[in-house]
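Accompanying notes for the structure given below.
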Amino acid sequence: MTSSRLKKNNPGKEPESYLAVCSLASGSKGNAVYISDGDTSILVDAGLSGIEIERRLKSKGIHPNGLDAVIVSHEHIDHVKGVGVLSRRYNLPIYISKKTKAAATPLIGNIKDTRSFSCGRTFNINRLTIHPFSVSHDAEDPVGFTISRKDIKIGLATDLGIATALVKEHLKGCALLLLEANHDTTMLQNGPYPWAVKQRIKSRTGHLSNEESKALLMELKHNHLRHVILGHLSETNNTPEKAIRHVGPALAGCKAKLKVVTQDRCGELVYLR
C-alpha cells in the first residue's frame, strides 16, 4: 500500500525516534535523497525530472504529496532539475541559500515559498535538525548537510573537491554517511574526457576520488557508524566494484555496512533507530 509518509503508530506514547534514508539517485545525471522521521519528510536536492522523482518515491511506497520540503545543496542542474516542478505541484517550501537561489533561478523558475539558510547556522523543519556546512566545489555557495532527529545523526557530503577540516568536523559521529567516491584516478587519467575536464574533476573544487574517499572515511569511522553509502560515482571513470574495493578497507574493524548508489535506480530504504 502506498503511503504519504513512513509513519509508525504508537498510540499514547512518544513516537520512537528513527530516520529513514533513501538515495533516489546519485551521479552527474541526477541527485536526490529522501529523509523522513515518520512525521516530516524532505528531499535533499531534486536533480531528476519531477515525473521521475515521483516514480522513484512511489516505487518505495512513498507518495510525493507527503513531502514537507526540499533542501538544495547547490545550483548545478543535476541537483535542481526537479525543484521548481515539485515545489509548484505540491506547494513545497524550498530551503536554499541566497547565493544558490540567485544562481538557480533560471533553472527552477519562480518559487512561491523559498526559505533562506546560511552555512554554519542550524535550522529546523519540525523535529528534523539540519546543519549546512561549506564544501569545496565549483558552485556559488555549495554545502553539505548533517540531519538529526534526537540522537540519530546522518551526514551528506558529495560534490566536494577536498575534505577540509571543517567537513571532517561536521561529519563526526554520524550513524550514516553518504560520501562521494566519484572517480578512479587511473580510469580518469586514461579516460576520454578532455584534459581541462580532467583537471577540473581532480581540483580542489571538483570531486573526490576513491582513494580520497577512503582517507576521509578512515578519519570518520567509529564504533556506532552503521551505514556508509558511496555516491556520485562517474559512469565513465569509476565502477561500483572499484569503489567498494578501494574504499572498503577503510572500514576494517568497523561493523558499518558499505553500499554504492547510482543515478539509474533507487538505493535501499535504510532505517536508523
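Read the figures in this text as sums done on the coordinates, not as results from a lab. Since the structure is predicted, the reported quantities are computational estimates derived from the model, not experimental observations. Cβ coordinates were reconstructed from backbone atoms using ideal geometry, including for glycine residues, and neighbour counts include every protein chain displayed.
Would it be correct to say that residue 136 is under 19 Å from the mean Cα position of the chain (by Cα) and over 21 Å from residue 35 (Cα atoms)? Against the criterion (under 19 Å from the mean Cα position of the chain (by Cα) and over 21 Å from residue 35 (Cα atoms)), residue 136 qualifies. From the residues in the stretch 243-258 that are in a helix (DSSP H, G or I) and of a type in the set (A, V, I, L, M, F, W, C), which one is nearest to residue 218 (Cα to Cα)? Result: 250. Among the residues of the stretch 58-75, those that are buried (at least 23 other Cβ atoms within 10 Å of the Cβ) and either part of a strand (DSSP E or B) or of a type outside the set (Asp, Glu) (or both) comprise 62, 67, 70, 71, 72, 73, 74. Residue count for the stretch 83-101, restricted to those that are over 23 Å from residue 119 (Cα atoms) and part of a loop (DSSP other than H, G, I, E, B): 1.
For the stretch 238-271, the set of residues classified as within 23 Å of residue 173 (Cα to Cα) and within 16 Å of the chain's Cα centre (by Cα) consists of 258, 259, 260, 261, 267, 268, 269, 270, 271, listed by residue number. Tallying residues that are among the β-branched types (Val, Ile, Thr) and touching a Cys at 6+ places or on another chain (Cβ under 8 Å) within the stretch 118-149 yields 2. Taking every residue in the stretch 169-189 that is closer than 13 Å to residue 159 by Cβ and pairing it with any residue that is in a loop (DSSP other than H, G, I, E, B) and of a type in the set (A, V, I, L, M), at least 6 positions away or on another chain, the pairs with Cβ-Cβ distances below 7 Å are 180/160; 180/208; 181/208; 181/233; 182/208; 182/233.
Residues 216, 156: which one is out of contact with any Pro (no Cβ under 6 Å at 6 or more places or on another chain), in a strand (DSSP E or B) and not acidic (Asp, Glu)?
Answer to the selection: 156.
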